[in-house]
Amino acid sequence: MFVIVLGLLVLGSGCSRTVAGAPSEAAGAPPAKPGSAGNTFSATARARAPALQSDVLADECLLDAGQFGTLLGRRVRAEQSVVRRDDGTRSTSCYAGAVDGPPTPLAALNVYRVQSGTPADLVRASGGRALEGAGEAATVLETAGGPTLQVAGRSFLVTLVVQGRSPPDAAWRAAARAALARLPS
């Protein structure tokens with residue numbers, strides 16, 4: 001859910017205005033065990049702890065304009081952006097926008113660290129349609145923001161949201177492999 005909300009915030013913002021938002025309860029967060037030793041947080045606090053850590057790379061543009069263009073089937077530009085919200089929080093994302101016309105985001109790429117388990121575990125648990133041949137695990141989800149690829153590397157989870165129709169599987173695979181190849185080891 002957090003990935004979907006973040007994707008919607010980036011795509012809906014146009015990266016030019018402040019977006020109000022608050023973190024939502026993360027899917028897959030482990031439930032707290034009441035009365036367990038060392039339990040310093042309430043069950044509610046643990047249930048709301050995000051499963052993903054965002055903004056883990058200074059530059060999330062793991063795809064260049066040509067690679068985004070191949071995925072989207074049109075010429076685009078790619079740039080790292082910062083979304084600042086009314087509450088003072090901020091998030092970063094790489095987005096692809098049209099070369100000509102208004103700077104409307106056509107795709108957004110984000111990189112996360114998984115708080116518990118592995119990136120592959122989280123991708124497999126997210127549902128969607130499995131995409132073979134891309135990373136440790138990959139899935140394509142239909143979200144409100146548009147078709148979304150989640151792909152797991154060894155240490156990171158990459159999400160790629162596109163507006164409009166879903167690219168062909170070969171294009172998703174090529175984008176996933178290119179993005180994973182640029183992740184730090």
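Laboratory data are not the source of any read-out in this text; all were calculated from the coordinates shown. Nothing here was measured: the structure is a model prediction, and the numbers come from that model. Please note: Cβ atoms are built from the backbone with ideal geometry, for glycine as well, and neighbour counts cover all protein chains shown.
One table, with the values for the structure above:
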item	result
Which of ASP59, ASP121 has the fewest Cβ neighbours within 10 Å, and the rest in rising order	ASP59, ASP121
Charge tally in the Cβ shell below 15 Å around ALA134, where Lys, Arg are +1 and Asp, Glu are -1, ALA134 excluded	+3
Rounded FRET efficiency, nearest 0.05, which uses the C-beta distance separating ALA58 from ASP86 and R0 of 22 Å	0.35
